[in-house]
Amino acid sequence: MASGNHQRKNQGKEFDYLCVDDFIKNLFDARALATAFEIRLIDSLLQDKHATVDSLTVQLGMDSRGMRLLLDLLLANRVVENKNGDLSLTEEFAHALQFRELLELKLIMTNFAAHDLLDYFSELVSRPEQFVNKARFFKLFSYNRCFDYSQENYELTKRWMRITTVLTKYEAQACIKYHDFSRYRRILDIGGNSGEFVRQICKIYPRVSATVFDLPLVCDIGLEHIRSESEADRITFIKGNALTDPLPEGFDLITFKSMLHDWPEREAKKFMEKAIHSLASGGTLLIFERGPIEIGETPFPYSMIPFLVFFHSFRSPVIYEEQLEMDHATSYMAKDSKDNSSEKSGMSSSAAQVGDQVRIRWDGSNMRSAYANVFNVTAAREEVVLLFGMNQAFDAGQKELKVQLSDRIVLSPFTAKRMLTVLNNVMKDYESKYGPLDVQPSQPTDSSLQ
């Protein structure tokens, strides 16, 4: 049972397993703790409740001065405590050992990635492509070795899959907390790795069955990982390349978990587009990815170094949302065109559900109507702004035009691009019915004001 002190310390953490980061705050903490695991000092303290500096030095065959340095670092990091010469693990650290596999994995990842950050930080911030080519951390994830079996390919693939599997075991808790999986029966996890993500879902939802679509060797190792689990009979694996091979169909939920950030934006969009077309009618596409790293004013924790090397790849959720909206709107407009409808409409939605059965209900209860004969358009990186207004006394000879602005509409660039497409279609239909419009530039000559 955790002490009151421990409970107070972890009140600010949404998930209990995050407590492991408390012991990886800087280089000295991480390196000393990793050594304590490596030389089995932690295991010795778990077994011997009355260990001393001298007894540990003899038992572990350590240099006496080195042992004292190591213990001082562990004391400062609240891993151990000294009570009248007796050394023991603190209650906080004993609690963190519930998540030992995660703690040890993070120590290994962090200390490994730190070399790349120290050696190539200049490339990371100025020439990211060079950083990727030089960094050892990226070489851990050799996806090109996942197609054909060899003992070397197997061992290398299994090594990085252990990293992703352990991380997923805990990270899945966040997705399960914030998304209701009870309404689904068939899940397809694209790039689903060892199957750990869907296993965590199946563990809680007994009526769910899942399929993992991934590279051949990944699927073989995933089968080994799942085989002994009670959820194994509800999880299957399909071997393939999601970039080039057709995806299986008939699933009411398709998921991407920590997969899209591995790919450039063009490929990521292709994956999403293929997934939407593979969904069953009315199905859901769920993206569970890390967002951009925000440092702010708080000290940057050492435990985040492995994720910092990927920071160019982590995208804002807005990017995924806008792509989903674009794919959804494209599907809708294509269907609208087939129906020969003369009224064109762009759809702006989070696009959680897609398919032929999606219906749009326009709610006009809060809508206002306003007539405009003047507009202005401006654009920044993240938004396009439309201004609408009225010129009620226009005289071609006057040198100043006063416009009474009535509405300011802010669109994302993706929504603005879809609006342009839909508006072009509307005007083409209009001119085909009523004849071409000859629009001549008018005063004032400012091209942004029409």
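The values are calculated or read from the model by the stated rules, or taken from the named source; none is laboratory data. In this text the structure is predicted, and so the values were computed from the model without any measurement. Neighbour counts are summed over all protein chains in view; Cβ atoms, including those assigned to glycine, are modelled from backbone coordinates with ideal geometry. Heads up: the accessible areas ignore ligands, DNA and RNA and are worked out on the full protein's heavy atoms, side chains in. Shrake-Rupley method; radii C 1.70, N 1.55, O 1.52, S 1.80 Å.
What the table shows:
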{"item": "Looking only at the stretch 39-71, and only at residues there that are outside any helix (DSSP H, G or I) and closer than 25 Å to Phe99 by Cα, the one that is modelled with the lowest pLDDT", "result": "Lys49"}
{"item": "Members of the stretch 143-178 that are within 22 Å of the chain's Cα centre (by Cα) and over 28 Å from Arg100 (Cβ atoms)", "result": "Tyr143"}
{"item": "Residues of the stretch 206-220 classified as part of a helix (DSSP H, G or I) and open to solvent by 10 Å² or more (accessible area, probe 1.4 Å), total", "result": "2"}
{"item": "Qualifying residue in the stretch 177-186 (condition: part of a strand (DSSP E or B) and on the phi < 0 side of the Ramachandran plot)", "result": "yes"}
{"item": "Residue pairs meeting the criteria (Cβ under 6 Å; at least 6 apart or on separate chains; first of a type in the set (Asp, Glu), in the stretch 27-38; second surrounded by 15 or more Cβ atoms within 10 Å (Cβ to Cβ))", "result": "Asp29/Asn77"}
{"item": "Per-region count, the stretch 166-196, residues among the hydroxyl-bearing types (Ser, Thr, Tyr) and open to solvent by 30 Å² or more (accessible area, probe 1.4 Å)", "result": "2"}
{"item": "Failed criterion for Ala51 (all others in (1) under 30 Å from Trp263 (Cβ atoms); (2) in contact with a helix residue (DSSP H, G or I) (Cβ under 9 Å, 6 or more places away or on another chain) hold)", "result": "(1)"}
{"item": "Selected residue (criterion: nearest to Lys83 (Cα to Cα)) from residues of the stretch 34-53 that are open to solvent by less than 100 Å² (accessible area, probe 1.4 Å) and not hydrophobic (A, V, I, L, M, F, W, C)", "result": "Thr52"}
{"item": "Qualifying position, being part of a helix (DSSP H, G or I), open to solvent by 30 Å² or more (accessible area, probe 1.4 Å) and either acidic (Asp, Glu) or free of Cβ contacts under 8 Å to residues at least 24 places away in the same chain (or both), among Glu273, Glu294, Glu229", "result": "Glu273"}
{"item": "Any chance Leu107 is in contact with a strand residue (DSSP E or B) (Cβ under 6 Å, 6 or more places away or on another chain) and either surrounded by 16 or more Cβ atoms within 10 Å (Cβ to Cβ) or within 30 Å of Pro264 (Cα to Cα) (or both)", "result": "no"}
{"item": "Hits in the stretch 249-261 (condition: touching a residue at least 60 places away in the same chain (Cβ under 8 Å) and surrounded by fewer than 16 Cβ atoms within 10 Å (Cβ to Cβ))", "result": "Gly250"}
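A quick yes/no check of all residues on (1) open to solvent by 90 Å² or more (accessible area, probe 1.4 Å); (2) in a loop (DSSP other than H, G, I, E, B); (3) modelled with pLDDT of 85 or more; (4) farther than 19 Å from Glu322 by Cβ:
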{"site": "Asn366", "(1), (2), (3), (4)": "yes, yes, no, yes"}
{"site": "Asn376", "(1), (2), (3), (4)": "no, no, yes, yes"}
{"site": "Arg381", "(1), (2), (3), (4)": "yes, yes, no, no"}
{"site": "Gln398", "(1), (2), (3), (4)": "no, yes, no, yes"}
{"site": "Arg418", "(1), (2), (3), (4)": "no, no, no, no"}
{"site": "Pro444", "(1), (2), (3), (4)": "no, yes, no, yes"}
